[in-house]
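For reference, the structure discussed in these notes is given below.
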Amino acid sequence: MALSEAISVKTYLTVLAKRYPSDKAIGECIYLTYVTATGALNSALNKLDNDPHGARDAAITAGFGAVDCDKAFQNDTVVHDPAIHIRNNEVFFISIMASLGIIHLF
């Protein structure tokens with residue numbers, strides 16, 4: 001679920017990037033944070049059976065990607081759609097819930 005939501009947000013930001021190609025916050029979120037978040041969530045899924053500690057750490061890392069994206073928008077002087085903040089919070093929350101779920105597996 002976390003991976004699906006992170007991919008959805010990344011897709012949404014990619015559409016915004018085409019509309020606003022010079023917006024630094026959007027570019028930062030796509031290339032620096034959501035690529036990391038989706039990669040970390042993929043890693044968490046791959047490590048789940050053999051390395052639950054690594055899977056938990058990867059899920060936590062994905063949550064930090066969403067937080068970093070949100071910070072990029074907060075530090076930007078351009079007013080953005082509030083949905084971005086809400087979606088970043090959703091990815092953060094779901095990533096943390098995934099990491100807590102993984103903790104209960106071991």
Electrostatic dipole magnitude of the chain [Cβ: Lys, Arg +1; Asp, Glu -1; Cα centre; debye, to 20]: 180
Lysine-lysine proximity count for segment 2-105, Cα under 19 Å, sequence distance 8 or more or distinct chains: 4
Helix by helix, which DSSP H runs in the chain go 20 Å or more along their axis at the Cα atoms and have an average Kyte-Doolittle hydropathy of -0.5 or more? 2-19, 52-74, 82-105
Under the 7 Å Cα-to-Cβ spin-label approximation, His85 and Lys18 lie apart by a distance in nanometres of 2.8
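Using a 10 Å cut-off around each Cβ, can you sort Phe64, Phe73, Phe106 from fewest to most neighbouring Cβ atoms?
So the residues, fewest neighbours to most, are Phe106, Phe64, Phe73.
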Springs between alpha-carbon atoms under 10 Å, Gaussian network over the chain: tell me which of Asn46, Asn89, Asn75 tops the mean-square fluctuations. Asn75
Please report Thr14, Thr36 as a ranked list, fewest other C-beta atoms within 10 angstrom at the top and most at the bottom. Thr14, Thr36
Given only helices, namely DSSP H runs of n ≥ 4 each adding -39500 (n - 2.57), what is the per-residue ellipticity at 222 nm of the chain, to the nearest 500 deg cm²/dmol? -26000 deg cm²/dmol
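Bear in mind these aren't lab numbers, they're just calculated from the coordinates by the rules spelled out. Please read these numbers as outputs of a predicted model, since none were measured by experiment. Heads up, the Cβs are rebuilt from the backbone with ideal geometry, glycines too, and the neighbour counts pull from every protein chain shown.
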